[in-house]
Structure formats: C-alpha cells, structure tokens
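Down below is the structure, laid out as structure tokens.
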C-alpha cells in the first residue's frame, strides 16, 4: 500500500492506494478559511496538522495502515508559512487566494530586472514572494523573526518527519525559484530580504525526503515509512490523472479552477498570465491557466440563496429551463489570475430582474466559471501550446450539467474518471511508489480509464461562442471600477 495526503484549502484528504494502483480507502477532515479583512485569506497551520490527524483517523477506521510502504504529500500552493527559530508559526499562513500584496508585486518586478525570465511568471499577489515583501513592509517585527519559509504541505512534512524540504513543482509557485534551472534564485531571495538558508531543501517530487517520526507513526498505526517530496496539488493531481507527456491535459475543479498542460521544456508566457512551472517529475515542466474561484462559486451561491446544499441547487438548475434573457456572472470572488492578473476584480451578476429565480442565479454561476476557464484556455493556446486530451479532476467534477456546460464553453470533449475527487492524494501516493520501488513514471502514472466522455452540446456551443465575447466585454467595461 502507498499513502497520499493532500492538504487542500477546504479539507485534508487521504488516499490509500494498493499495488494495482486502485484507491482502496479515503479519509477527510474539513478546514475553514479566515478572511479578517478585504482581500485577505488565511489559515492557522496548527489547524492543518489537527485536520491531518483527523483525516488519518478516518482512514484508519476503514483500513489497516500497517502495510503502507511509503507516503507522499500534496497540498494547496503558494501559502506563506512563516516559522521562527523553534519552527513555530509566527502568524497565520497567507493563502494562495489572498490579494493584499499587489503593490509588493510591482516592487518585486522593478527590483529584479530579469524577474519574468527567471521565474517564467508574472508577480501575482497569490504567489509567495510578494507576501514576504508585504510582511516585511507591514509586519516588520514578524519578518525580523522569520527563520524558515515553508509551503503548506511542507509544514506537514516538518511535523511528521522533522525535515524542511519541498519539490520544484510546488516551489515554482513561490516565485523564489529559477524554474528553468529547478533551483532557488539568490537574486529574488535577496530582493525579498531572504537567503537560501531560509528555504527548504529541494528534492524532485519522486525522491524521498525523510522518514516518519516514531510518535507520528504510532499514532497513525503505521511503520516509520519513507516520506516522499510529492508536489503541489495541481502537479500531483496531474500525476494522479496520468498527465505526464507533452500535450496531456487536466481540468481541476476545486476551490479554484486550473487547466493544466504537461510539457518537456520550460515554456513561459507571462504576457497573458499563464503559469510556467516545473512538473513533479525530473526533466518535465507544465503550463497552467488558473482562475481563483471555481467550485467555490457554487458553494457561495448555495449559501447566498439559502439552498439546502449544492446537490439540491444543481438539481434545481437542471429542472429549470434556461432563461430566455439569461444572466451573466463574473466569477471573480477572489480577484483573478489568468488572463487578467487582477486582484481587485470582483464577482458580478448582470441582467437581474424582478422575476429572477434561484435556479437562474445558479446556472449563471456555472456558466460564468466555464467562460472564465475558456478565457484561460485561449491564453494557453495563444502561447502556442497544443492541448490534447483533457481529464477532469477535483470535487467539482461530479455534476453532469456542469460537465456539459464546460465541454460546450471550452469546445472540447472532457474525459471523466473514477476517483477524480482524490486526484492530488492519488498522485502523491504514486510519487511515493516511484521513490520506493524505482519503477518508471510511465509504469506507475497510468491514465485512469475514463468512465465517460462528455462532448460539447452543439446548441450550447454556438450560443456560448457569442456569450463568451459578451462576458469578456463586461470585464473590460468594469475593470476601471474595481481599481
């Protein structure tokens, strides 16, 4: 057995994978996000560790963990976890969807002339480096005590094995990494008042970083097994979906929405806010278009309208006929990345009337997320990237209606696979297997058999081609109002 642990934004998920590559048991524990001020998004690292223990306890109720040979880690990217000399958190972690550091982004790009060439990316508020500049400027007493900067999943690693380590895929999202060289950039660290001593050691995603501590192993009913570097959630999810060859694609529908395309070279395209990162395997890279609010928009409109839960709202939407004068929804509840790089962008309904009903609001949300993903797909295509088959992963992948809307807006078939909701945890377990057995990635990272393929609906495809253009004009017209 191999174990994957995925520290998400809304939950910690664990997956136990057998030698046939099948997920045999899962466990989960919820997490909450704190938003104490506008644009802020934070979590307490102590809650991550508590939730990990709860998710492991849930997994242990379903399976004997004594046969686990190794574990791998995955997690939400970009989070600035700042530790003191005793490895204690100095403040709540600043998350990937936090937008407070826009001014720091501009300062960072001014201070390092070759910033985009080194990182392959724009400086965006969600990334880690601008957060450190913000802390240095606004919380100097905290910054003065920073001795270690970790990403969220790597805080779990420190707790479970005592090792400060990370992988190039997750490290790419810090903006401290020279992505082409897969090494920390002294120039960018220095611009932020840091050094390589502050950063964790770099290991490829399929390499071992340490061993589970005895007390943790006993609490989880396991041996002191090797801990594998793993990857940030997007790269790990791609590993779980077998997305490792150039052109292979995945669409992750979680709190955020990510269209991920694997490649064999470093291919930056910052002009359209495309992300160019290392993949979780040596000698491989990937591109991503990222929207900050995807399935989280459905959760939001469910709460807003008083629906019982997301499933009941989806059923209500499916039962209602599409409106003759449909609404538009701009899904920028946390600002936006690709293609706008606009932390001030906000969510907007356009076209409300006295007779507007909850189902219409819900459908507009599903379509708005799909249109934003189509914007990201266009940015990837404009970079010259050829996108092949796209597999859907993440908890938002379960609605048949949303699947048809997405396929029609993107104008491409989408492959759905069983176990898609635990993709990053499955990918982390696969990386642990490679590290332990020495098998090739091609032997382990197989593409799961698609349970079904969703084709674009001809009528919706034609309709959405026009509506996406209107959607783009709405953002352009409103952009000045937010800033």
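Taken together, the values in this text are just the output of simple stated rules run on the coordinates, not laboratory data. Because the structure is predicted, anything quoted here is derived from the model rather than measured. Don't worry about glycine lacking a Cβ; one is built from the backbone with ideal geometry, like all the others, and counts go over all protein chains shown.
Note on residue 271 and residue 477: the extension gain reaches 72.1 nm, defined as 0.36 nm multiplied by sequence separation minus the Cα-Cα distance. DSSP beta bridges confined to the chain are antiparallel in about 70 percent of cases. Taking the convex hull of the alpha carbon positions in segment 103-182 and averaging its projected area over all directions gives 5.7 nm².
With neighbours defined as other Cβ atoms within 10 Å of a residue's Cβ, the residues 216, 24, 146, 12 order from fewest to most as 24, 216, 146, 12. Across all Cα pairs in the chain, the calculated P(r) in 10 Å bins from zero up to the longest distance comes to 4, 22, 32, 27, 13, 2, 0 percent per bin. Across the alpha-carbon set of segment 2-241, the Rg to Rh ratio works out to 0.97, Rh being the Kirkwood radius.
Which value in deg cm²/dmol, rounded to the nearest 500, describes the helix-derived mean residue ellipticity at 222 nm for the chain, given -39,500 (n - 2.57) per DSSP H run of n ≥ 4 and division by the residue count?
On the way: 17 runs with 183 residues, N = 483.
My calculation for the chain gives -11500 deg cm²/dmol from helical runs alone.
Residue separation of residue 381 and residue 418 scaled by 0.36 nm, minus their Cα-Cα distance, works out to 10.5 nm of gained length. Just the ratio, please: alpha-carbon radius of gyration of segment 383-483 over 2.2 N^0.38 Å, N its number of residues. So segment 383-483 has a normalised radius of gyration of 1.44. Among 74, 34, a tally of other beta-carbon atoms within 10 Å of each Cβ gives an order, fewest to most, of 34, 74. For the pair residue 35 and residue 214, the difference between a 0.36 nm per residue extended length and the Cα-Cα distance amounts to 60.8 nm. This ranking places 371, 328 by how few other beta-carbon atoms lie within 10 Å of each, fewest first, which gives 328, 371.
Taking only the C-alpha atoms of segment 145-271, Rg followed by Dmax gives 16.1, 50 Å. Each Cα pair under 8 Å and six or more residues apart adds its sequence gap; the mean of these over the residue count of the chain is a relative contact order of 16 percent.
If you take the Cα Rg of segment 253-333 and divide it by 2.2 N^0.38 Å, with N the number of residues, what do you get? Please report the intermediate quantities before stating the final value.
Numbers: Rg = 17.7 Å, N = 81, 2.2 N^0.38 = 11.7 Å.
Against the empirical 2.2 N^0.38 Å value, I get 1.51 for segment 253-333.
Convex hull of alpha carbon positions in segment 277-379: directionally averaged projected area 8.2 nm². Just to confirm my numbers, what's the Cα centroid distance between segment 177-249 and segment 322-374 in Å? Here the answer is 35 Å between Cα centres.
Its alpha carbons considered, segment 314-369 gives a radius of gyration followed by a Dmax of 12.6, 36 Å.
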